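Heads up, the thing below is written out as structure tokens.
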Amino acid sequence: MDTLPDAFPSQGRSAAQFPSASQSFSFHEQSAAHSSSHNGQSTASEKTEQTPRIKVHDPPKFDLDSYIANYAGRTRFDRLYLIGTSSTALSTEALKLAVAEAKSGKDVARYEKAVRALSEVSPTESEATLDAAWVQRVQRQVQAQSERLEQELRGYKNNLIKESIRMGNEDIGNHYYETGDLVAASKAYNRMREYCTTPNHIISMLFKLINVSVERGDWLAVQSNVHRLRAAQSKPEDRLKSQPKMAAALGLALMHSGSYAEAAKSFLGSDVSLTDTFNEVITANDVAVYGGLCAMASMDRESLRRDVLENSTFRNFLELEPHIRRAIVFFCNSKFRPCLDILESYRTDYLLDLHLQRHVSDLYNSIRTKAIKQYLVPFSRVTLTSMATIFAPEVIGGEAQPTSISSSFVQEIIRLIQKGVLDARIDLENNVLVSNKVDLRDDMQEKTLESLRSFNQEAHMRILRAGVLQAGLEVRGPESERRPRQPQGQSGRGMERPVRGGTRV
């Protein structure tokens, strides 16, 4: 397993922190400071070590140019860089596009990172050489624009015009966001809050904060801002327009948090009007894939049929990714082999997805485990060979003893039993899996006998009491104990007693 850069790189530095073009540039001696956070501040995702990423050797099904055309903004570079550093088949093409994408913006750190990665993959390419003149020119432009925007904001504050101050902070936030200083951009957007005078201003500010938080990998901040959006007072038409983006952003944050069931509910609640209105973060195709996989990993067959396949809103998303719909239909119909084949055929594509890559293994394992459990429901005994034919066809014919204790499939079943996922035991002598299910007929007979015993005991006690009363053997207590107690407030000195003749005393 090769260690690759994180899918969510840390924010860049301000222009003053970049090395000048006159300084020497060495790809192998360049320090890790390019990916460090601004002024030593780090996000939650940056505090952890960069996770190792696998190399994907199989070519994906998608066309790179068509795929990346669906996105806008800074996520285009993130996706191109991830594909370039993960896929051996598309590494050169993706990194060349990443270099061009970085060069079309003002984030010098991204450009340097892309050039460095391309020089390691294909050093003979012309794009693999650092354009020092461009770096120096952009650094000067960024520095000049930063100073100009800061000066304008100070003027707005002196004039005490709230709308001008809000727009000044927004311009500075946009500038820092474009240059990769995400911490400074987040602070600038947060400063807009006290100067927002309309609900639309608040909604716009919160969506900008969501975009920054997504790129930083700060998923708690994404959830917090989505909840703030829901609590914001806005017109019904504005709320209806924002709802699909809120649902998609919340689903993305929950998926990254590992809450696949909640993420599925959020994705399923998104509206088809999302289209390309949020393509700087996520597209409608992504909602279909993420929502479908999370639902398959966390819902039972009845819930999948009711909440996914029969969901008139989400059905429009599934039409964009018909293979996800086919996989869900096969799963609901207990046709697990075709379902798993479809998912496996798209594994390469999902391993090259910016948000899905780190969750592919967990999602696929959950879906496979659910399929194995569902397959065993109608059986008390099932042969390991028949199970291997469905869940591990590569084992049949690929190993001398596909159902022996050393078989990878048998080891998988053993792990599921040890974890308590499967309530069964393996009979290796007969090559069968025996379910430890309770015999429903015996269970019903035992409950019936227990009910009869309880009825006989109660009937006996009632007959015994009736005989005691009839024979006059009941032991009565003193008269004072048998006299019913009067309710509080109905005895004492204030009571009136009716007497003969209707008078009161």
Ranked from the most accessible area to the least, with a 1.4 Å probe and all protein chains present, what is the order of Arg230, Arg347? Arg230, Arg347
Theoretical gain in end-to-end length, Arg425 to Ser126 [0.36 nm per residue, Cα-Cα removed]: 101.5 nm
Reachable aspartates and glutamates from Lys335, criterion Cα separation under 16 angstrom, eight or more residues apart if same chain: Asp300, Glu302, Glu344
Inter-site label distance for Ile54 and Gln136 at 7 Å from Cα along Cβ, in nm: 4.6
Probe 1.4 Å, all protein chains in place: accessible area of Lys103 in Å², nearest 10? 80
In this structure, the FRET efficiency calculated for Ala261 and Phe455 from their beta-carbon separation, with R0 = 56 Å, to the nearest 0.05, is 0.80
Could you sort Phe62, Phe379, Phe331 by accessible area so the largest value comes first, with the probe set to 1.4 Å? Phe379, Phe62, Phe331
FRET efficiency (Ile161, Thr383; Cβ distance; R0 60 Å; to 0.05) is 0.15
Applying the Karplus parametrisation 6.51 cos²θ - 1.76 cosθ + 1.60 with θ = phi - 60° to the phi angles of the stretch 302-315, what ³J(HN,Hα) value in whole Hz is obtained for each residue in order, glycine and proline being reported as x? 5, 5, 4, 5, 6, 8, 10, 5, 9, 7, 4, 6, 6, 4
Rough spin-label spacing in nm, given labels placed 7 Å along Cα→Cβ, for Arg347 and Gln374: 2.0
How much accessible surface does Tyr364 have with a 1.4 Å probe, in Å² rounded to 10? 20
Amide H contacts under 5 Å for Glu280, placed H, 5+ residues apart: Ala72
Pop the C-beta distance of Val272 and Glu394 into the FRET formula with R0 = 56 Å and round what comes out to the nearest 0.05. 0.90
Vicinal HN-Hα couplings computed from phi for the stretch 339-350 (Karplus, 6.51 cos²θ - 1.76 cosθ + 1.60; Hz; Gly/Pro x): 4, 5, 5, 4, 4, 5, 5, 9, 4, 4, 4, 6
Put Ile413, Ile202 in order of accessible area, largest first, 1.4 Å probe: what do you get? Ile202, Ile413
Going by amide H atoms built from the backbone, whose H comes under 5 Å of the H on Val56, apart from near neighbours? Ser87, Thr88
For the pair Arg465 and Glu237, the simple spin-label estimate (label points 7 Å beyond Cα toward Cβ) gives in nm 7.3
Once amide hydrogens are built 1.01 Å from N within the peptide plane, the residues lying 5 or more places from Ala424 or on another chain with amide H under 5 Å from its amide H are Asn436
For the stretch 259-371, report the accessible area per residue in Å² (1.4 Å probe, heavy atoms, rounded to an integer). 37
Assuming 0.36 nm per residue, please report the length gained on full extension of the stretch Asn436 to Arg193 beyond their Cα-Cα distance. 81.5 nm
Heavy-atom accessible area of Ser104 with all protein chains present, probe 1.4 Å, nearest 10 Å²? 90
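The values are calculated or read from the model by the stated rules, or taken from the named source; none is laboratory data. In this text the structure is predicted, and so the values were computed from the model without any measurement. Glycine also receives a Cβ, built like all others from the backbone with ideal geometry; neighbour counts cover every protein chain displayed. Quick note on the areas: whole protein, heavy atoms, side chains included, nothing else; ligands and nucleic acids left out. Shrake-Rupley method; radii C 1.70, N 1.55, O 1.52, S 1.80 Å.
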